[in-house]
Amino acid sequence: MLGLKLATDPRWVNIVESNIEEILTDHAWCEQKAATNAITIITLNSEHTDLVTELLELAKEELEHFQMVHDIIKKRGYTLGRERKDSYVNELYKFMNKGGNRVQSMVDRLLFSAMIEARSCERFKLLSKRIKDPELSKFYHDLMISEAGHYTTFLKFARQYGQDVDVDTRWKELIDFEAKVIQNYGKSETIHG
């Protein structure tokens, strides 16, 4: 369903398990950034009432996820660390069309968002199946379902508002680009690392 070309090496879960506090901190900040991204899309495309309505709900859900991760951090006696730079996301950002028209920019931002959700969903699925911690296994299973919904929401709006853009071709280009980027990741205890 996600269309990703390269699956995460299952051994990544072993890296994650070596430092649960770090993965939780990184995950919390990923949720915050996802909420901020949804709000940015709303700000740039406020004339589309349906997009605003759905992305407001998505932003609220992402903030709820941030709170849920923070609650797990507190429950385990950890402290939410400082915000982390997400090199994977920064590399994906290079794909986005910076000089196109407003519609092209919107489509690229929506596809960029869909890709991040797709990879997060894939990682959460892997965590849910392979992590030895039962609480985190269930937690990541539930979030995997949510991320899949976010992925489809972003793709839906890219196709809906990108009538003047070949959205499917652009999506395939992004999938190819992401496959090259992700080859350098899966070696650290971060969601995209």
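Here are the numbers for the structure shown:
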read-out: Restricting the range 1-45 to residues that are part of a helix (DSSP H, G or I) and among the polar types (S, T, N, Q), the residue that is farthest from L126 (Cα to Cα); value: T43
read-out: When residues of the range 23-64 are limited to those that are in contact with a Lys or Arg (Cβ under 9 Å, 6 or more places away or on another chain) and either more than 24 Å from Y140 (Cα to Cα) or modelled with pLDDT under 95 (or both), the one surrounded by the most Cβ atoms within 10 Å (Cβ to Cβ); value: I41
read-out: Hey, F139 surrounded by fewer than 22 Cβ atoms within 10 Å (Cβ to Cβ) and either among the aromatic types (F, W, Y) or within 17 Å of W12 (Cβ to Cβ) (or both) or not; value: yes
read-out: Among the candidates A114, A59, residue that is small (G, A, S) and farther than 27 Å from E21 by Cβ; value: A114
read-out: Considering residues of the range 142-165 that are in contact with a Cys (Cβ under 7 Å, 6 or more places away or on another chain) and either surrounded by fewer than 16 Cβ atoms within 10 Å (Cβ to Cβ) or not acidic (D, E) (or both) only, the residue nearest to I42 (Cα to Cα); value: Y151
read-out: Complete set of residues in the range 69-96 that are surrounded by 13 or more Cβ atoms within 10 Å (Cβ to Cβ), over 14 Å from the mean Cα position of the chain (by Cα) and part of a helix (DSSP H, G or I); value: V69, H70, I72, I73
read-out: Condition broken by D168, with the remaining ones in (1) without any contact (Cβ under 8 Å) to a residue 40 or more places away in the chain; (2) more than 14 Å from H27 (Cα to Cα); (3) surrounded by 14 or more Cβ atoms within 10 Å (Cβ to Cβ) satisfied; value: (3)
read-out: Number of positions in the range 32-66 that are in contact with a Leu (Cβ under 7 Å, 6 or more places away or on another chain) and touching a residue at least 24 places away in the same chain (Cβ under 8 Å); value: 5
read-out: Top-ranked residue in the range 131-151 [being of a type in the set (D, E, K, R) and more than 14 Å from E189 (Cβ to Cβ); ranked as nearest to the chain's Cα centre (by Cα)]; value: E147
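The values are calculated or read from the model by the stated rules, or taken from the named source; none is laboratory data. Keep in mind that what you see is a predicted model, and the values were worked out from it rather than measured. Don't worry about glycine lacking a Cβ; one is built from the backbone with ideal geometry, like all the others, and counts go over all protein chains shown.
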